[in-house]
Structures are given as structure tokens and as C-alpha cells.
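The values are calculated or read from the model by the stated rules, or taken from the named source; none is laboratory data. This one's a predicted model, so the numbers in the text were calculated from it and none came from an experiment. No Cβ is skipped: glycine too gets one built from the backbone with ideal geometry, and neighbour counts run over all protein chains shown. Each accessible area value is taken on the protein alone, full model and side chains, heavy atoms only, with ligands, DNA and RNA left out. Shrake-Rupley method; radii C 1.70, N 1.55, O 1.52, S 1.80 Å.
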Amino acid sequence: MLSLIKKCDEFVMEYPYDNRGYRMRAFILEFLGLYELALNDLQRENYLKNNPMAHVMKGMILLKLGKYENGYVSYEWRRGLTFKNNNFVEVGKNLGLPYWNGEKISKDEKLFVLFEQGFGDMIQFYRFIPYLRERGINIVIAYRDPIIDKLFRKSLEKLGVEVCNVGDKIKKEWKYYIFAMSLPHVLKIYDENDIPYKDKYLDVSDEFLDKWKNKLEFLNHSDTNSSNKTSFGVKNRKRIGIFWESEAPHEKSAFRNISFKKIKNLFNLDVEFHCLQKKLINDEKIGGYENLYFWDDELNDFCDTAALISQMDLVITVDTAVAH
């Protein structure tokens, strides 16, 4: 990594008016946690060339530093990009609706909220849907991927929120649209203490809750387990959900995933571990841990994962949808 910084330094010295060197160096400095130095390089890049991606990078760094107002202002520049499989410009053009900036919405009108980016982003920003409903705003929402629908469905029905597809015909009562990750900015939630619903804000159906409660109760009363060929036979043991490696393609997977070898000593603890992963990626032959349970064949969707998590005393996870 330091050799890459050295190469960027050499590039910047040789081509001081080429913005690319500053952005690449900023990316590396951010990765190393040298945020102020990264911000300096992004400032220099924007001076040379007003680049939307540099503004987005700046926004993400400021958000990491807890500077929410300026961070969200800069992060709004993503709307001029095709960013993480989201063509913001094209979606806005096709909708033909004005972007919501906090204008008053009457009881006969609706705000169209589009969820964006990854599943974790959709889950964590869902908290603003009940927050908006508490303020009397009627909402219609759309997801980028319908796989999230089953997890959201029960909570949305309780709130009386309509679900549609991005390509559906615009209805006359749809007054404005907004991307979900713009909501804290438009709602001016710039203090960490003002973030709504720090606890639970999604309801999983009783069908899934009962399913996983019964499965785990069965473990504590059975002699064998079909996955692990073992039994605890111990009640009231602490349960820990664990997730160390995501199969989802991500440009930072190499940095956020953890090798099983690095965490294997955890399983010497006298607790009950439940793997929350759908698949084992690089460590397919994990055995010899009588307190580690795998549920890969039975985690069919996010409702299963959420219901299994609800039975845990603690979750240890890398940065993926499971965390949210």
C-alpha cells in the first residue's frame, strides 16, 4: 500500500495538474484511515476538475468522521452518476417528477421513495419510512431488487405503504420522488442522537419467528444435529450469530471479509455459535467444532436470516447486510 502511495506521489509531482493522481492517492489514504490527507487531495482534484465522484468520496469520508451535514451535501453528487448499479440520472429522467427537498406534501399526494444500492443500504435506510409516516406523509416505494420485498412486506402493510416497480406508470397523486439515501439530508438529521429507530424497526412474520425458535429449542433437547452430528444438551447457553465472509460481489470484499483461520479460536468459548452465512466461500471443510452450527440449506431469504438473528444474544459480522 505504501508503494502505491509512493507511485501516486511521483505521478502528482510529474503531472501536478492531472486530477487522477490526487483521486487515486485519496482513495489509498482513506483506506489507511488518513482521512484529513485524503480530503486535501479530493479538494485539490475538485479545484482542477469538478468531479462528481470526488465529491461522493469526500461525502463518504465526512460521514465516517461524523460530519453529517457536509457529508450528506457532498454525497448528493452521486445523483449525477451511475453508481453501484444505480443509474440515478436515467431513473430521474424516466420518472419525470420533481426531486423532493422537504416541500409540504398534502394528504392527497404521495412521495415516491426509491431504494438504492446494496441490500444493507436498503435495510438500514428503511427506518426513514415509518419516520415519514409518523409525520403524516403518504408514501409509495420501489426496490432495486424484489428479493428484499418479503422482509419489508409485513412492516409496509402495517404502515399502509404502497409498493410498486420503478417502471410502473406514474400516478397523478405521486407528487415528488427521492432516493432513500437522501432522506436524512432532506430531513436534516445531522446529529447521531436524532437518527430514528436505533432499535428494531422491521417486523418479521410469526411464521419465520416460530420456525427458528422451534429449531433452536429442538437443538437443546435432541441427541444429534443433522448439520453438525453433535448435541449440546445444554439449556440457557448464550447464542452468538457469526458471519465472516460474504459471497456477494463487492469491490472491497478482499478487505472486509475475514478468513476462518483468523477467528477459529472464538469457537473455544463455551457458547453456542450459529453461522449466518448462506454459503461457505473459501473454508468449505470446517469441522471439529461441536458448538458451531450451519444453516445454509435453510436460510432461504432475508426473513429466515432476520428470524434466526432474533434468537441470538449477540451477532458478530463483517460489513454486510447481516449487520443492518
Please report, in debye to the nearest 20, how large the charge dipole of the chain is about its Cα centre when each Lys and Arg carries +1 at its beta carbon and each Asp and Glu carries -1 there. 480 debye
Put +1 on the Cβ of each Lys and Arg and -1 on the Cβ of each Asp and Glu in the chain; which of LEU151, TYR35, ASN70 then has its Cα farthest toward the positive end of the dipole? ASN70
Can you give the charge dipole size of the stretch 4-137 about its Cα centre, rounded to the nearest 20 debye, using +1 on the beta carbon of Lys and Arg and -1 on the beta carbon of Asp and Glu? 220 debye
Please turn the phi angles of the stretch 137-144 into ³J(HN,Hα) values with the Karplus equation 6.51 cos²θ - 1.76 cosθ + 1.60 (θ = phi - 60°), one per residue in order, whole Hz, x for glycine and proline. 8, 7, 10, 10, 10, 9, 10, 6
Residue by residue through the stretch 41-52, which ³J(HN,Hα) values in whole Hz follow from phi under the Karplus form 6.51 cos²θ - 1.76 cosθ + 1.60 (θ = phi - 60°), with glycine and proline marked x? 5, 5, 5, 5, 4, 5, 5, 6, 8, 5, 9, x
Provide the packing ranking of 115-126, 140-151, i.e. peptides ordered by the mean count of other C-beta atoms within 10 Å per residue, highest first. 115-126, 140-151
Taking only C-alpha pairs under 8 Å that are 6+ residues apart, what is the relative contact order of the chain in percent? 14 percent
What residues have an amide H closer than 5 Å to that of ILE316, excluding those fewer than 5 places away on the same chain, when H is modeled at 1.01 Å from N in the peptide plane? GLY241, ILE242, PHE243
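For the chain, which whole-number percentage of the solvent-accessible area (1.4 Å probe, protein heavy atoms only) is attributable to carbon and sulfur atoms? Don't skip to the end; give the middle numbers.
Details: 8910 of 17940 Å².
So the carbon and sulfur contribution to the accessible surface is 50 percent.
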Ranked order, ARG135, ARG127 - accessible area, probe 1.4 Å, largest first: ARG135, ARG127
For the stretch 111-122, Karplus couplings with θ = phi - 60° (6.51, -1.76, 1.60), whole Hz, Gly/Pro x: 9, 8, 9, 9, 7, 10, 6, x, 4, x, 5, 4
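Pairs LYS67/LYS104; LYS104/LYS188; LYS215/LYS278; LYS104/LYS200; LYS93/LYS171: which are spaced more than 23 Å apart, C-alpha to C-alpha? Kindly include the intermediate steps, with their values, before the conclusion.
Values: LYS67/LYS104 27 Å; LYS104/LYS188 15 Å; LYS215/LYS278 17 Å; LYS104/LYS200 28 Å; LYS93/LYS171 16 Å.
Pairs exceeding 23 Å: LYS67/LYS104; LYS104/LYS200.
What does the accessible area per residue of the chain come to in Å², with a 1.4 Å probe and no ligands, DNA or RNA counted? Let's see the in-between values first.
Numbers: 17940 Å² over 324 residues.
Each residue of the chain exposes 55 Å² on average to a 1.4 Å probe.
Let me check I've understood the local charge: for LYS188, count other residues with C-beta under 10 angstrom from its C-beta, Lys and Arg +1, Asp and Glu -1. What total comes out? Present the calculation step by step, with values, prior to reporting the outcome.
Details: positive: none; negative: GLU69, ASP191, ASP194.
So the environment of LYS188 carries a net charge of -3.
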Selection from PRO16, TYR197, LEU81 lying farthest towards where the dipole of the chain points positive, charges on Cβ: PRO16
